[in-house]
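Q: Take a look at the following structure, please.
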Amino acid sequence: MTSTFRPRSGVEAELGEIWSELLGHSDFGVHDSFLRVGGTSFAAVRLLARLNSAFGYDIPLAELVRSPTVADLAMLLRGSATPGPAVLVPIDAAGDRPPLFCLHPIGGNVSRYVALAQALGDEQPVYGLQSIGLSDGSSAVADIEEMAASYVEEIVRLRPKGPHQLLGYSMGGILAHTCARLLFERTGEQPFLAVVDTDVRNPAPLDPWDEVVRIVLKADRSDVDGSVLRGADRDTAVRTLHRLCVERDVLSAGFPVERLGDIFDTVWANLEAVRSFSPVPYPGEMVLFCCGEESDLGWGPYAGGIRTHVLESGHFGVMELEGATALAAALRELLAGRE
């Protein structure tokens, strides 16, 4: 290890070895965030699997976002820190500006927003709202209105008075739009609403089995499809996914099948929620970010006005480093105009 890493305990030393292996370098300290020293969302999933194998501790992904340093994780593993709330995740709570609340995409977790939070800078707090049931043992919810109502309660609990600022990518755009409407109905405020490449005309056009496989295995659609699961009952499907994840080095063999079952249930519920969704108009303005070419993506009848921004990134690249940097530049200008 380089001189930048100074473990203060055996637990921190072991964590440092795991980080070094996954990151491919040791240039970090005990107070550096895994997600700021080169850790990707894929590497984060592998890190959690390694922690489970090494320590027997099942840490949810949201907890890694809340506790992203060696020092934080060591406290969790020693039992001297309390896990945070299940739904609201402080991706980057630093800064004095009104926070940006980001609603989860179809996978249910908020790791897709980490690069955006980093690109927005230290002055802009960013919170994520992850799926109900993903890490707290409660049942997954398959209704957009019910999800959004729960998320609005979390938003108002953290920030009782406005201004409120909402953003959603992919499925998250549907949730952000619904939350904006519910906030308006509740308070009369028209919150800032940004929707990132969400096509409301056909939000869930693909086979749900294909989508479950793609999301859980982190696989390209051309690489594997839902035929490996189609026709199986839920428990058989989860065990098959677990085997495939281990074979592809997405998860370690020690990753709990029950936790993967929670992820499966969440993704399936989110797919069902989107497929049964019928949009209700929101009277406020919406900022719509389109990937590739300009379009209202079917939102015209459901917003009081739409400002469209075209991004060069594709749908899956817009939340990666380069795409998130371009999105953050546009967001900074839009949010500054509200101050």
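A short reminder: the numbers here are calculations on the coordinates, not readings from a lab. Remember, it's a predicted structure, so these values are computed and weren't measured experimentally. Note: ideal-geometry Cβ built from the backbone for every residue, glycine included; neighbour counts use all protein chains shown.
Q: Considering Cα pairs under 8 angstrom that are at least six residues apart, work out the relative contact order of segment 85-218 and quote it in whole percent. It would help to have the intermediate numbers written out before the result.
A: On the way: 238 pairs, mean separation 33.5, N = 134.
Over segment 85-218, the number comes to 25 percent.
Q: For the chain, what ratio Rg/Rh do Cα atoms give with a Kirkwood hydrodynamic radius?
A: Values: Rg = 19.7 Å, Rh = 20.6 Å.
So for the chain, dividing Rg by the Kirkwood Rh gives 0.96.
Q: So, one more: Inverting the mean 1/r over all pairs of different Cα atoms, compute the Kirkwood radius of segment 256-339 and quote it in Å. Spell out each step's value before the answer.
A: Numbers: mean 1/r = 0.0647 Å⁻¹.
That comes to 15.4 Å for segment 256-339.
Q: If you don't mind, another one. Restricting the count to DSSP beta bridges whose residues both fall in the chain, what percent are antiparallel, rounded to a multiple of 5? Mind showing how you got there, number by number?
A: Values: 5 of 29 bridges.
Once the DSSP bridges in the chain are tallied, antiparallel ones form about 15 percent.
Q: Provide the packing ranking of 86-95, 4-13, i.e. peptides ordered by the mean count of other C-beta atoms within 10 Å per residue, highest first.
A: Details: 86-95: 19.7, 4-13: 15.0.
Top of the packing list down: 86-95, 4-13.
Q: Going by alpha carbons, how many degrees (0 to 90, nearest 10) lie between the helix axis of 321-336 and the longest principal axis of the chain?
A: Orientation of helix 321-336: about 50 degrees from the principal axis.
Q: Continuing with the same structure: In what sequence, highest mean first, do 166-178, 291-303, 142-154 appear when ranked by Cβ atoms within 10 angstrom?
A: Details: 166-178: 26.5, 291-303: 15.3, 142-154: 18.4.
Top to bottom by mean Cβ count within 10 Å: 166-178, 142-154, 291-303.
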